[in-house]
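The values are calculated or read from the model by the stated rules, or taken from the named source; none is laboratory data. Predicted model, so just to flag it, every value in this text is computed and none were measured. Using ideal geometry, Cβ is built from the backbone for each residue, glycine included, and neighbour counts are taken over all protein chains shown. All accessible areas refer to the heavy atoms of the entire protein, side chains included, with ligands and DNA or RNA removed. Shrake-Rupley method; radii C 1.70, N 1.55, O 1.52, S 1.80 Å.
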Amino acid sequence: MESMREEESLKALYKDAFHIGAAVNPLTIDSQRSLLAYHFNSLTAENEMKFSSLHPEENLYTFENADVIAAFAREQGMALRGHTLVWHNQTPDWLFENETGGKAERDLLLERLRSHIQTVVGRYKDVIYCWDVVNEVISDENDESAFLRPSKWLDIVGEDFIAKAFEFAHEADPQALLFYNDYNESNPHKRERIYRLVRSLLDQGVPIHGVGLQAHWNLYDPTLDDMRAAIERYAQLGLQLQLTELDVSVFRFDDRRTDLTRPEKGMLELQAERYESIFRLLYEYREHISAVTFWGAADDYTWLDHFPVRGRKNWPFLFDESHAPKPAYERVAQIPKRAAMEKK
Ligand code: GLA
């Protein structure tokens with residue numbers, strides 16, 4: 001029984017370092033409830049607070065699923081991260097269209113965004129302490145001159161949709177910590193673009209308080225040196241950093257094998273070593289890092305079962321399919337304990 005868990009709680013072990021978070025949905029709140037309550041002190045809605053989940057039509061808000069997550073966070077006294085207000089995915093078409101079905105005008109789109117942010121941020125003000133205001137607007141292109149990702153936001157509003165989103169969020173909840181969030185955050189080219197974006201927002205006086213490193217990583221990539229360089233670079237912005245979507249896939253990104261029904265020999269040991277080095281690094285930078293959120297909690301449920309290969313099982317977390325601690329858990333748990341012993 002999970003209520004009789006014997007291993008030490010991660011949130012307790014890391015209480016002086018950073019929050020330990022998990023992305024959840026109403027189903028996993030049910031199926032992983034005691035695991036979540038025991039090890040985690042922060043939550044993020046996996047999909048339920050995205051634009052198309054909350055606001056599928058102009059005059060229709062659907063809060064049921066997001067409310068379930070907010071209620072669980074309140075009940076458990078957990079921190080709740082809001083995810084996400086502006087993104088190029090999972091955003092409904094109506095937002096970008098005017099009354100006649102043509103392209104919405106800049107002012108119309110900005111007014112809709114402001115109204116959405118007022119409604120959503122306002123609704124969860126009591127429980128959400130930080131928002132991923134803008135998600136993934138930096139380009140992945142190798143081309144040196146690439147900067148922002150092409151999107152309807154950019155096309156209709158121009159570059160200042162980013163600043164506007166932060167201003168609207170700040171207006172809706174002046175207490176909330178506002179984050180820019182992105183993936184491939186440790187890639188040196190993308191890292192410099194993210195740095196440049198956030199630096200320019202700061203220079204313009206835009207209310208932004210943190211950088212979210214998604215950290216969708218695997219056993220081999222990115223290198224620890226690149227992770228460290230990214231943390232150091234973002235820390236130079238003087239903002240707080242959070243890992244927002246950590247998982248460690250057992251497959252390289254271009255490994256498209258589908259024949260494994262359980263981890264190959266050695267994979268879980270390699271994963272344990274990898275998690276150990278990652279958490280050593282995070283612990284070392286704990287003054288800058290305020291939360292480490294996994295994009296799930298245990299191997300019975302992960303988006304990686306469907307990405308990048310649909311229907312291929314993956315095992316990216318510290319807990320296995322029956323929620324028992326994996327070798328990676330043991331390594332991660334050791335780090336703060338050892339540090340505490342060395343201090344004595
Ligand atoms: C991105 C988004 C998340 C989620 C993951 C994959 O990283 O920020 O909301 O969609 O992809 O599940």
Handout entry: Subset tally (residues that are over 16 Å from Ser53 (Cα atoms) and within 16 Å of the ligand (Cβ to nearest atom)) for segment 90-130
Key = 2
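Every residue, every condition in (1) open to solvent by less than 60 Å² (accessible area, probe 1.4 Å); (2) within 12 Å of the chain's Cα centre (by Cα), yes or no:
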site: Leu178; (1), (2): yes, no
site: Asp182; (1), (2): yes, yes
site: Ser186; (1), (2): yes, no
site: Leu197; (1), (2): yes, no
site: Ser200; (1), (2): yes, no
site: Asp203; (1), (2): no, no
site: Pro207; (1), (2): yes, no
site: Val211; (1), (2): yes, yes
site: Trp217; (1), (2): yes, no
Exercise for the section: Sort out which residues of segment 302-326 are farther than 15 Å from Arg262 by Cα and either free of Cβ contacts under 8 Å to residues at least 24 places away in the same chain or open to solvent by less than 50 Å² (accessible area, probe 1.4 Å) (or both), and write them in order of number. Expected result: His306, Phe307, Pro308, Val309, Arg310, Leu318, His323, Ala324, Pro325
Fill in the blank from the handout: For segment 20-45, pairs from a residue that is free of Cβ contacts under 8 Å to residues at least 60 places away in the same chain to a residue that is open to solvent by 10 Å² or more (accessible area, probe 1.4 Å) and among the β-branched types (Val, Ile, Thr), with Cβ under 6 Å and 6 or more apart or across chains, are Pro26/Val68
Problem - Conditions (1) touching a Gly at 6+ places or on another chain (Cβ under 7 Å); (2) away from the ligand (no atom under 16 Å from the Cβ): number failed by Phe179 - result: (2)
Problem - Selection from segment 197-255 of residues that are away from the ligand (no atom under 16 Å from the Cβ), among the aromatic types (Phe, Trp, Tyr) and under 17 Å from Asp182 (Cβ atoms) - result: Tyr234
